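Comments concern the structure below.
The values are calculated or read from the model by the stated rules, or taken from the named source; none is laboratory data. Model, not experiment: these values are computed from the prediction. Here the Cβ positions follow ideal geometry from the backbone for every residue, glycine too, while neighbour counts run over all protein chains shown.
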Amino acid sequence: MIVMAEQRMSADERRALVVRAATAAFADGGYEGTSTEDIARRAGISQPYIFRLFGSKKDLFVEVVNACFGRTVAAFEKAAEGLEGPEALEAMGAAYSELVRDPELLLVEMHAFTAAVHDDRVREVARDGMRLIWQVARRSSGAGPGELQEWLAMGMLMNVVAALGLEAVDEGWARDVACMSERPCTPEGPGMPKQRPVPAPRRS
């Protein structure tokens, strides 16, 4: 449980603490399956205080999704600094392989895509996040649409491999799918580094 400290905090610090608690809660239950009561319990605050800070559960979910995409974009920018072409794509792929080791980030991303199917606002936020990822990859690498499409598709494949723990499945089809995510980032086949199964999210 993330409990708010007793000392005085700024509004931004309070919001950050609640976002951390909400990230863990939404990772566990998704948007529909998470209650503001659960988030408040994890944060050690009252439920009404969540609405004072964010207005609604959806507003809080949007903030959590934006934070996760922002973390991904920042990692890509740092990884690709000073690089270009395939080397930049490979570096960003390596950075993503570390990011998806965090089950909360991976699960929030996947829950956002699921909620986007039926929710226009969440769809817009997810689109914005993917737009930023595409833009930083294009700007950093100078790659064309075809290369970026393959690179992005390999990242989505990494999500599947990590979420399903396919590298731990001793079956031919699982090995074939998992090994696809080991390809180096090259103009012929941009890929992502090898993944290990993602641990289950921690529950409070």
Considering only region 41-71, state which residues are more than 14 Å from ALA24 (Cα to Cα), β-branched (Val, Ile, Thr) and in contact with a Ser or Thr (Cβ under 8 Å, 6 or more places away or on another chain). ILE50
Which ones in region 30-52 are surrounded by fewer than 17 Cβ atoms within 10 Å (Cβ to Cβ) and either hydrophobic (A, V, I, L, M, F, W, C) or within 19 Å of the chain's Cα centre (by Cα) (or both)? GLU32, GLY33, PHE51
Among residues of region 120-148, those that are surrounded by fewer than 18 Cβ atoms within 10 Å (Cβ to Cβ) and either farther than 20 Å from LEU99 by Cα or modelled with pLDDT under 95 (or both), counted: 9
Got at least one residue in region 81-100 being closer than 27 Å to GLU147 by Cβ, out of contact with any Phe, Trp or Tyr (no Cβ under 7 Å at 6 or more places or on another chain), in contact (Cβ under 8 Å) with a residue 60 or more places away in the chain and of a type in the set (Phe, Trp, Tyr)? yes
Result of the Cβ filter at 7 Å on region 33-57, keeping first residues that are farther than 19 Å from MET9 by Cβ and at pLDDT 95 or above and partners that are of a type in the set (Lys, Arg) and surrounded by 14 or more Cβ atoms within 10 Å (Cβ to Cβ), at least 6 apart or interchain, is THR36/LYS57
Those residues of region 116-150 which are touching a Gly at 6+ places or on another chain (Cβ under 7 Å) and either part of a helix (DSSP H, G or I) or farther than 15 Å from ALA88 by Cα (or both) amount to SER141, GLU150
